[in-house]
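Okay, structure first, notes after.
The values are calculated or read from the model by the stated rules, or taken from the named source; none is laboratory data. Keep in mind that this is a model prediction, so the values were computed, not measured. Cβ placement follows ideal geometry from the backbone for every residue including glycine, while neighbour counts extend to all protein chains displayed.
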């Protein structure tokens, strides 16, 4: 009988510059903790050095040791997950469950679900603001952002914007929230303090993921329809550079230690490395079939990239 195992490509960065030596290896997570299909959400929790992994399909959240990928716990959840967000001060992980109207609050120390919050249908992306202690949630079929108060673990309110909201990121330097609309190929800039609309930025085709790099005061926008990453200046809120990636860029991660952005190219089977300071391409790393998501694990100087399940005997 053949079973499905979760493939994780390990992109190990050696050194602290954009020119650092890079090597990769693939790790298969044991079947005893499998059940995640199309792993699309991975989050690193530094206090306990854990990885939390969930899939676009499959009804479980896996908790792993970040150092060796050993399984710690498997939590049952109602449906698939696309992104997660961490409240580091309180040790809570917020998990939007896509095929539902739920955001789960997970206690990172106890590896247990602490609360279930109601949102609009199909919550898909989430971002945490360390300045205001709020979480912002996009829902696929809603024109509003759901705002959660992290202190009370309760829904604080809603910000009405436009249909087709997809990705969301918070830049604490500018005290701004960035929200992409795939229906209108634009990024909406919101004041993190007041919730007021500051600007609408036209971008390229299908802006599917946003990443804030506060150390650079920049926001990076992956556009899977045009196979490029756009660089948005956090002061002027304007596009200052366009960088060609592999085929169908998806999620990204920022490594402040070496100044690099890593981009998972789903159909390209690669990870694009971008020099975030110079806004230029460094290299493309082959990682295998359908890389979906990336997460930085500083404790082992690694970037984890999840891929499609690999059959094994």
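The figures follow:
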quantity: Residues being within 19 Å of the chain's Cα centre (by Cα) and either surrounded by fewer than 19 Cβ atoms within 10 Å (Cβ to Cβ) or part of a loop (DSSP other than H, G, I, E, B) (or both) - total across the range 238-257; calculated: 6
quantity: Of all residues in the range 48-63 being within 19 Å of residue 109 (Cβ to Cβ) and part of a loop (DSSP other than H, G, I, E, B), the one that is farthest from the chain's Cα centre (by Cα); calculated: 48
quantity: Conditions (1) under 16 Å from residue 297 (Cα atoms); (2) modelled with pLDDT of 80 or more: number failed by residue 22; calculated: (2)
quantity: Filter result (in a loop (DSSP other than H, G, I, E, B) and at pLDDT 95 or above) within the range 258-307; calculated: 276, 277, 278, 279
quantity: Single residue of the range 110-141 satisfying the filter (within 21 Å of residue 194 (Cβ to Cβ) and over 15 Å from the mean Cα position of the chain (by Cα)) that is surrounded by the most Cβ atoms within 10 Å (Cβ to Cβ); calculated: 134
quantity: Checklist (1) under 21 Å from residue 112 (Cβ atoms); (2) touching a strand residue (DSSP E or B) at 6+ places or on another chain (Cβ under 6 Å); (3) at pLDDT 60 or above applied to residue 28, failing item; calculated: (1)
quantity: Residue among 69, 104, 75, 86 that alone is more than 12 Å from residue 54 (Cβ to Cβ), assigned to a strand (DSSP E or B), in contact (Cβ under 8 Å) with a residue 12 or more places away in the chain and touching a strand residue (DSSP E or B) at 6+ places or on another chain (Cβ under 9 Å); calculated: 86
quantity: Conditions (1) assigned to a strand (DSSP E or B); (2) farther than 15 Å from residue 156 by Cα; number of the one not met by residue 131; calculated: (1)
quantity: Every pair of residues 6+ apart whose Cβ atoms lie under 7 Å, when the first sits in the range 114-128 and is at positive phi and without any contact (Cβ under 8 Å) to a residue 60 or more places away in the chain while the second is surrounded by 22 or more Cβ atoms within 10 Å (Cβ to Cβ) and not in a strand (DSSP E or B); calculated: 122/98
quantity: Single residue of the range 31-47 satisfying the filter (at pLDDT 90 or above and within 17 Å of the chain's Cα centre (by Cα)) that is surrounded by the fewest Cβ atoms within 10 Å (Cβ to Cβ); calculated: 46
quantity: Test: residue in the range 87-109 that is at positive phi and surrounded by fewer than 18 Cβ atoms within 10 Å (Cβ to Cβ); calculated: yes
quantity: Test result for residue 219, touching a residue at least 40 places away in the same chain (Cβ under 8 Å), crowded, with 18+ Cβ neighbours inside 10 Å and on the phi < 0 side of the Ramachandran plot; calculated: yes
